[in-house]
Amino acid sequence: MSDLQTSFQGRWILAKNLPALPAALQEAMRLAQNPNTTIAELAEVIGRDQSLAGNMLKIVNAPTYGFPGRITSVHNALILLGFNMIKSLLLAAAIFEGASGDMSGLWRHSSGCAVACRELGIRLNMKNTDEFFIAGLLHDVGKVVTAVQLPEAYMEISRLAHEQDIILPEAEERVLGMTHTHIGAWLAERWNLPATLRDALAHHHHPASAPPALTIASIVHVGDFLTCLFEYGNHGEDRVPMLDPHAFKHLALDRHKLGTVVDAIGAIFEPGKA
Ligand SMILES: [Fe+2]
Ligand SMILES: [Fe+2]
């Protein structure tokens, strides 16, 4: 395992072998940097790639998103959700799709966490609910990278966590010398995502360690916890992540507000939905 650890920490393997993003997505992301680009131009680029467009409509029409079955064109999806949201959804779909093996459990966990983060933001009267949704969707993307880059290490981490009954980040530290939070943050930087998003990925298990991004990291922390509590999807370990009381305190999340969030996400997570 020491060879794997050394190679992984070198990070060059990640840079070299990371699944390529679809050409249309790269083109759309490039266009989006230009303030003069119109929604029609973006929709045209995304629509040129049938699988990308199909994926996008599938994601935005999933019950977890809130417009079940109502968005039928890429153009309308861009108008309703905005390009930043679409870009993040497509990035997440591309990385999950590039993974060999079955990542559907983790995708479900991530989609569920996205919904929980958005609901937390809404109930706490916060503004950045779209950003919270994206952070929830991408929070465990480091696990996908490990599964893609180092499938043997990924299996070893799962085995270690299960057999020794330790939390996944501890097993990741032992096997890789880093956790999925470090890898996710690195990927966010590589994708040029905003710094707050990168910090949310980096600190979602220990929000108090991220003073500038304490709010978004706390939202993801609690969203992740609730998604695991509902056993929605599969986050790769048997345990529910440890809850950091700082997150509750920082968000001023009292029993009543928490109850409304639990009710809202419970309705979405009902068996048979999503
Ligand atoms: Fe995590
Ligand atoms: Fe998670």
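The values are calculated or read from the model by the stated rules, or taken from the named source; none is laboratory data. Because the structure is predicted, anything quoted here is derived from the model rather than measured. Please note: Cβ atoms are built from the backbone with ideal geometry, for glycine as well, and neighbour counts cover all protein chains shown.
For the range 210-220, name all the residues that are away from ligand 1 (no atom under 13 Å from the Cβ) and either touching a residue at least 12 places away in the same chain (Cβ under 8 Å) or not in a loop (DSSP other than H, G, I, E, B) (or both).
Of everything in the range 210-220, those that are away from ligand 1 (no atom under 13 Å from the Cβ) and either touching a residue at least 12 places away in the same chain (Cβ under 8 Å) or not in a loop (DSSP other than H, G, I, E, B) (or both) turn out to be 211, 212, 213, 214, 215, 216, 218, 219.
Using the structure shown, decide if residue 202 is modelled with pLDDT of 95 or more and either away from ligand 2 (no atom under 13 Å from the Cβ) or assigned to a loop (DSSP other than H, G, I, E, B) (or both).
yes
Only one residue in 223, 259 is assigned to a helix (DSSP H, G or I), more than 13 Å from ligand 2 (Cβ to nearest atom) and either of a type outside the set (Phe, Trp, Tyr) or within 18 Å of residue 140 (Cα to Cα) (or both). Which one? Don't jump to the end; show me each part of the working.
Numbers: 223 fails: more than 13 Å from ligand 2 (Cβ to nearest atom).
On inspection, the qualifying residue turns out to be 259.
I want to confirm something. Restricting to the range 106-160 and keeping residues that are more than 20 Å from residue 198 (Cβ to Cβ) and among the charged types (D, E, K, R), which single residue is farthest from ligand 2 (Cβ to nearest atom)?
Taking the candidates together, the pick is 152.
Go through the range 105-150 and give me each residue that's among the basic types (Lys, Arg) and within 15 Å of the chain's Cα centre (by Cα).
108, 118, 143
Whether any residue in the range 168-175 is more than 16 Å from ligand 2 (Cβ to nearest atom), of a type in the set (A, V, I, L, M) and over 21 Å from the mean Cα position of the chain (by Cα) is what I want to check.
Checked against the condition, which is being more than 16 Å from ligand 2 (Cβ to nearest atom), of a type in the set (A, V, I, L, M) and over 21 Å from the mean Cα position of the chain (by Cα), the range 168-175 yields at least one hit.
Would a scan of the range 209-218 turn up a residue that is more than 25 Å from residue 260 (Cβ to Cβ) and buried (at least 17 other Cβ atoms within 10 Å of the Cβ)?
yes
Which numbered condition trips up residue 153, out of (1) under 20 Å from the mean Cα position of the chain (by Cα); (2) assigned to a helix (DSSP H, G or I); (3) more than 14 Å from ligand 1 (Cβ to nearest atom)?
Of (1) under 20 Å from the mean Cα position of the chain (by Cα); (2) assigned to a helix (DSSP H, G or I); (3) more than 14 Å from ligand 1 (Cβ to nearest atom), only one is false for residue 153: (1).
Can you tell me which residues in the range 82-108 are at pLDDT below 80, more than 14 Å from residue 25 (Cα to Cα) and in a helix (DSSP H, G or I)?
96
Give me the residue from the range 119-150 that is of a type in the set (A, V, I, L, M) and within 11 Å of ligand 1 (Cβ to nearest atom) and, out of that set, nearest to residue 256 (Cα to Cα).
138
Any residue that is away from ligand 2 (no atom under 15 Å from the Cβ) and either free of Cβ contacts under 8 Å to residues at least 24 places away in the same chain or outside any helix (DSSP H, G or I) (or both) - is there at least one of those in the range 226-244?
Looking through the range 226-244, none of the residues is away from ligand 2 (no atom under 15 Å from the Cβ) and either free of Cβ contacts under 8 Å to residues at least 24 places away in the same chain or outside any helix (DSSP H, G or I) (or both).
Can you find a residue that is within 15 Å of ligand 1 (Cβ to nearest atom), under 22 Å from residue 223 (Cβ atoms), modelled with pLDDT of 90 or more and in a loop (DSSP other than H, G, I, E, B) anywhere in the range 171-188?
Scanning the range 171-188, I find at least one residue that is within 15 Å of ligand 1 (Cβ to nearest atom), under 22 Å from residue 223 (Cβ atoms), modelled with pLDDT of 90 or more and in a loop (DSSP other than H, G, I, E, B), so the answer is yes.
Exactly one of these conditions fails for residue 210: (1) at pLDDT below 90; (2) within 25 Å of residue 105 (Cβ to Cβ); (3) among the aliphatic types (A, V, I, L, M). Give me its number.
Answer for residue 210: the failing condition is (2).
Here is a list of conditions, (1) more than 16 Å from ligand 1 (Cβ to nearest atom); (2) under 19 Å from residue 202 (Cα atoms); (3) among the small types (Gly, Ala, Ser); (4) surrounded by fewer than 22 Cβ atoms within 10 Å (Cβ to Cβ), and residue 88 meets all of them except one; can you say which number that is?
Unmet for residue 88, out of (1) more than 16 Å from ligand 1 (Cβ to nearest atom); (2) under 19 Å from residue 202 (Cα atoms); (3) among the small types (Gly, Ala, Ser); (4) surrounded by fewer than 22 Cβ atoms within 10 Å (Cβ to Cβ): (4).
I'd like the full set of residues that are buried (at least 16 other Cβ atoms within 10 Å of the Cβ) and assigned to a helix (DSSP H, G or I), limited to the range 58-81.
59, 60, 74, 75, 76, 77, 78, 81
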